[in-house]
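Quick notes on the structure that follows.
The values are calculated or read from the model by the stated rules, or taken from the named source; none is laboratory data. Only a predicted model underlies this, so the values are computations on that prediction, with no experimental measurement involved. Because the Cβ atoms are built from the backbone with ideal geometry, glycine has one as well, and the counts that use them run over all protein chains shown. Surface accessibility is based on the protein's heavy atoms, side chains included, excluding ligands, DNA and RNA. Shrake-Rupley method; radii C 1.70, N 1.55, O 1.52, S 1.80 Å.
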Amino acid sequence: MKADNNCIVIFGASGDLTHRKLIPALYDLYKIGRLSENFSVLGVSRTELDDTQFRQKMREALIKHEKSSGEMLEKFCEHLYYQALNTSDALDYGKLVPRLDELHDKYHTGGNTLYYLSTPPSLYPIIPECLAAHGLNTEEFGWKRIIVEKPFGYDMKTAKELDVQIHRFFEEHQIYRIDHYLGKETVQNLLVLRFSNGLFEPLWNRNFIDYVEITGAESIGVEDRGGYYDGSGAMRDMFQNHLLQVLAMVAMEPPAIINADSMRDEVAKVLHCLHPLSDDDLKNNLVLGQYAQGNIEGEEVKGYLQEKGVPADSNTETFMAVRCQIDNWRWAGVPFYVRTGKRLPVRVTEVVIHFKTTPHPVFSQNAPDNKLIIRIQPDEGISMRFGLKKPGAGFESKEVSMDFRYADLASPSLLTAYERLLLDAMKGDATLFARTDAVHACWKFVQPILDYKAANGRVYEYESGTWGPSEADRLIAKHGKVWRKPSGLMKKKV
Ligand SMILES: NC(=O)c1ccc[n+]([C@@H]2O[C@H](COP(=O)([O-])OP(=O)(O)OC[C@H]3O[C@@H](n4cnc5c(N)ncnc54)[C@H](OP(=O)(O)O)[C@@H]3O)[C@@H](O)[C@H]2O)c1
């Protein structure tokens, strides 16, 4: 289904996200015919550019993205426009009114407008108010939707304040809080795997599952975003949003039907069941780390404190591992071990479901526990690990695997996360966007961890290229478990 005719207004159009992700995603949608010819993009930021200069910058970004130019690219660039304005001055937003009138007329959009906030978060509360000052939020003439990038708040208090402020000018049905993890095929596939097969769901509970591991590992450091990252850390950058959303997909109850309300009801419900972690719990169940220099794939890399933009005495965590529990009938007693970090040996995001071992060992040597490994990125796929008999005499067992790689299904029209989510927002489908109650539930769970860190502050050093501080291994070993040490590719099995 094509997107409605509409105008997409990107605030922060001179920034990194716009040229690296948003414009390439829109271009790819255009190429495969998911955008009608009646769309336009109006880039907005303070930098003085005219339409021609903006098109040239985006053209260069697209050539870099696609490594080719051509007629299609030129046709797409004709849909791009630019308006410079002072993004914190409500009066200046008056400049948008004639620009938008002209674009709505030219592209027969009926007034449909999608605002994308890709600016520093300090502007998220300001832009909606400035738009409203000129009536650019009202739906009398076409729909008006607003996509808000992460981070949605800095803590519980600021997340609530931001919500109150945006709700003054936009209703909940107009607000799309983007978490690009939810746009990933494999995350959505988790739902299909769970809810469209009779095989897995009967086993998907505390009776059969021993524990769940969720890993979001990056091999890169903070690169040139040290200043931003230092104010955020692994907890806010990865855990509070992406990994808790993945956890919700693993743990939620089946929705009655797949639509935005039903799905998001279940997501919010399970996030509200996260067992609140007290200081005592956190003493035993939380490990924070910061990378020191080391070696990744044969290359020497510097430590976090030597990165540009990072204060020499920073105590920001670039790694966290935490043991969570979900207080409901399905999951009582099943630990969820979640870890994330930078400068780990490989880039990988995966969920591992560890099934309980057999109740009685019949053979002298059993295979390890059965595992279902859901690889979210890269090399997306699913791998089932179980024991079979080693050929030959006796009954020695060996772990074997049945692997499915998503690339084997992929057609050229498989959408990337930003493509999928932009398209959904243009179609008015909020299923894969975070609702306010789910965001609050995540902050409610994370706030005591932030407070604990602020009061206790212990952040262990780990060598770049390792799986974090050894304390993280101890955290899980205390309970007789071990972290999986995945390789970068499913086909390179470990
Ligand atoms: N980059 C990513 O991969 C990524 C991923 C996920 C989320 N995000 C989020 O997306 C947002 C944008 O990220 P980004 O990487 O594109 O940031 P960026 O490169 O720093 O760009 C920020 C943009 O905001 C504009 N801007 C408008 N008013 C501003 C002001 N008062 N101060 C500073 N800049 C102002 C800047 O242009 P002018 O200076 O011309 O106004 C620029 O276009 C951030 O909130 C970030 O957390 C980014």
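For the stretch 100-142, the set of residues classified as open to solvent by less than 40 Å² (accessible area, probe 1.4 Å) and part of a helix (DSSP H, G or I) consists of L100, L103, H104, Y107, L123, I127, P128, C130, L131, A132, listed by residue number.
Checked against the criterion of being at pLDDT below 95 and open to solvent by less than 30 Å² (accessible area, probe 1.4 Å), the stretch 281-290 has no qualifying residue.
Condition test on R420, is it under 21 Å from N259 (Cα atoms) and either free of Cβ contacts under 8 Å to residues at least 12 places away in the same chain or open to solvent by 30 Å² or more (accessible area, probe 1.4 Å) (or both)? Here the answer is yes, as R420 does meet what is asked.
Of all residues in the stretch 32-49, those satisfying the criterion of being within 16 Å of the ligand (Cβ to nearest atom) and part of a loop (DSSP other than H, G, I, E, B) are R46, T47, E48, L49.
The residues on offer are R168, R194, R206, and the sole one that is basic (K, R), open to solvent by less than 20 Å² (accessible area, probe 1.4 Å) and on the phi < 0 side of the Ramachandran plot is R194.
Taken as a whole, the structure leaves M249 outside the set of residues that are of a type outside the set (D, E), closer than 24 Å to K485 by Cβ, touching a residue at least 24 places away in the same chain (Cβ under 8 Å) and open to solvent by 10 Å² or more (accessible area, probe 1.4 Å).
Reported count of residues in the stretch 21-40, each being at pLDDT 95 or above and surrounded by fewer than 18 Cβ atoms within 10 Å (Cβ to Cβ), is 0. Residues of the stretch 396-429 that are of a type in the set (A, V, I, L, M) and closer than 19 Å to L190 by Cβ: M402, A407, L409, A410, L414, L415, A417, L421. A search for C-beta distances below 7 Å between a residue of the stretch 8-22 that is under 14 Å from K57 (Cβ atoms) and any residue that is basic (K, R) and more than 6 Å from the ligand (Cβ to nearest atom), counting only pairs 6+ apart in sequence or on different chains, returns H19/K57. Count of the stretch 243-300 residues, restricted to those that are under 19 Å from L193 (Cβ atoms) and part of a helix (DSSP H, G or I), is 13.
Within the stretch 74-127, restricting attention to residues that are among the small types (G, A, S), free of Cβ contacts under 8 Å to residues at least 60 places away in the same chain and away from the ligand (no atom under 15 Å from the Cβ), the residue that is nearest to E37 (Cα to Cα) is G111. Among residues that are loosely packed, with under 15 Cβ neighbours inside 10 Å, within 12 Å of the ligand (Cβ to nearest atom) and within 19 Å of the chain's Cα centre (by Cα), Y228 is included. Checked against the criteria, M235 does not count as open to solvent by less than 10 Å² (accessible area, probe 1.4 Å) and free of Cβ contacts under 8 Å to residues at least 24 places away in the same chain. Of the residues in the stretch 67-80, at least one is outside any helix (DSSP H, G or I), buried (at least 19 other Cβ atoms within 10 Å of the Cβ) and in contact with a strand residue (DSSP E or B) (Cβ under 8 Å, 6 or more places away or on another chain).
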